[in-house]
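Below is one structure, written out as structure tokens; the observations come after it.
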Amino acid sequence: MSAIVPDYIREAIQSLPPLPASVQQLLTLSREPEVDFRQIVKVIESDQTLTVRTLRAANSAFYGASRQIQTVQQATVLLGRDAIVNLALSISVMNLERSLGDSWARHAANFWRHSIATGTAARWIARYVEGADAEEAFVAGLVHDIGKLVLLTHHGELYGDMLVSAQDAPLHEYEQEQLGIKHTAVGEALCIHWNLPENITDAVAAHHDKQRQAAGSLAQIVGYANDMVKLAQLGYSGNRFVSLHDRESHLILQMPDDAQQELLRTLPQKVAESEQIFSQNSAAQEIGQEQAEAKGSVSLEAASEREREALRLALMFNGYRPVGRGVSSGGDGATSVVATLTDKDSTPGAGYGAWRTSHVTADGDFINADELNKWLTTILPA
């Protein structure tokens, strides 16, 4: 069920530029049960900028084409109708997002990196979730925080100040308290205004609401990817907190060990490839962080399974191999234990039990990922 959106937000949304006519046509065609791919080719070729960027993307490592693609028709045949429509949608939405985000209150590049990284991680995870569409997952991840840009466009410095001050609670809860509406509801309203596919709209609306995330749904995939990207420190969009998930919603644990390890090891590289495609120019952007080299193993003993998985991912993104009871961590890495991470204050070690009291929310639903990574850097050997 859609949230009630105040009139001033609806007016702000209606004042935004529409999706390009070519993309609107593609979305209309994609909803038809049977459509000649030549119609899709014709629509893309009617937009010169879209044609150039579609071909550039189709020939990138991101799509892994087995041979050089020279025409939109070849791209459509090789990648498929749905993939090419989602690619065109991603390119166009990214252009519109950038026009909205010129006034982003923090470093704008970090916002785009977070959005692209979430889409990239969601695309990878979706490949291992039955019934999920990987390209649709990428679009949903790309636009999941677009409501923040609308709030910033309307509220200006007020929302900018909120981004700075929301340090002790998840941003979406702080938004509800201060503004009476969350960025998820605003993003949902914008998706409806743009007539985006229902699955993508639902994912934007529910990526922070686990009660609305059916198992294997696009909303669950995007929500999990969003949290993973925060633990990996890839970009920043104003929210330091990640959800603590029950074991059945740890989507990465549903992957084969080799796929799980590859995602954790190469996510920064994959994000850099995505940035190259969706940036305004063809030059690759600096990723700012490469996957850390193996630094040794950390004995991880946390009673809470939900916290243990967040700690496991944070450690792996920082180059450590977590080991211990109930910890799943395949792959290569040093075998000597360099530290013990425990939530039992009486046990000598890293003192996680003391740290968590001020960095895990009282209800145990969220952990401050930013402070977690800072703390790990302080207490673990480089």
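Any read-out appearing in this document is the output of simple, stated calculations on the displayed coordinates, not a laboratory observation. Please read these numbers as outputs of a predicted model, since none were measured by experiment. Here Cβ is always computed from backbone atoms with ideal geometry, including for glycine, and neighbour counts include all displayed protein chains.
Mind checking the full-extension length gain between residue 362 and residue 52? Use 0.36 nm per residue of separation minus the Cα-Cα distance, one decimal, nm. Numbers along the way, then the final one.
Working: separation 310, 0.36 × 310 = 111.60 nm, distance 5.07 nm.
The span from residue 362 to residue 52 would gain 106.5 nm if fully extended.
For the chain, which longest stretch is free of loop sites, where a loop site is one of the GluC sites (Glu not before Pro) that DSSP puts outside H, G, I, E and B and that has at most 16 other Cβ atoms within 10 Å?
Values: sites that count: 34, 130, 286, 290, 293.
Value returned for the longest uninterrupted segment is 131-285.
Sequence gap of 8 or more, or different chains, plus Cα separation below 26 Å: how many lysine pairs satisfy both in the chain? So the count of such lysine pairs works out to 17. When the inverse distances between all different Cα atoms of segment 183-279 are averaged and flipped, the Kirkwood radius reads 14.7 angstrom. Based on DSSP, what percent of beta bridges with both residues in the chain are antiparallel, to the nearest 5? Of the beta bridges lying entirely in the chain, close to 30 percent run antiparallel. Each of the trypsin sites (Lys or Arg not before Pro) that DSSP puts in a loop and that has at most 12 other Cβ atoms within 10 Å breaks the chain; the longest unbroken stretch is 68-324.
Could you give the length gained on full extension between residue 177 and residue 11, defined as 0.36 nm per residue of separation minus the Cα-Cα distance, in nm? Show your work: numbers first, answer last.
Working: separation 166, 0.36 × 166 = 59.76 nm, distance 2.18 nm.
My answer for the length gained is 57.6 nm.
When the helices in the chain are scored as -39500 (n - 2.57) per DSSP H run of 4 or longer and the sum is shared across all residues, what 222 nm value do you end up with, to the nearest 500 deg cm²/dmol? Could you put the intermediate results ahead of the total?
Details: 18 runs with 208 residues, N = 382.
So the helix-based figure for the chain works out to -16500 deg cm²/dmol.
Using a Gaussian network model of the chain in which every pair of alpha carbons under 10 angstrom is joined by a spring, one finds that among 232, 185, 108 the greatest mean-square fluctuation is at 108.
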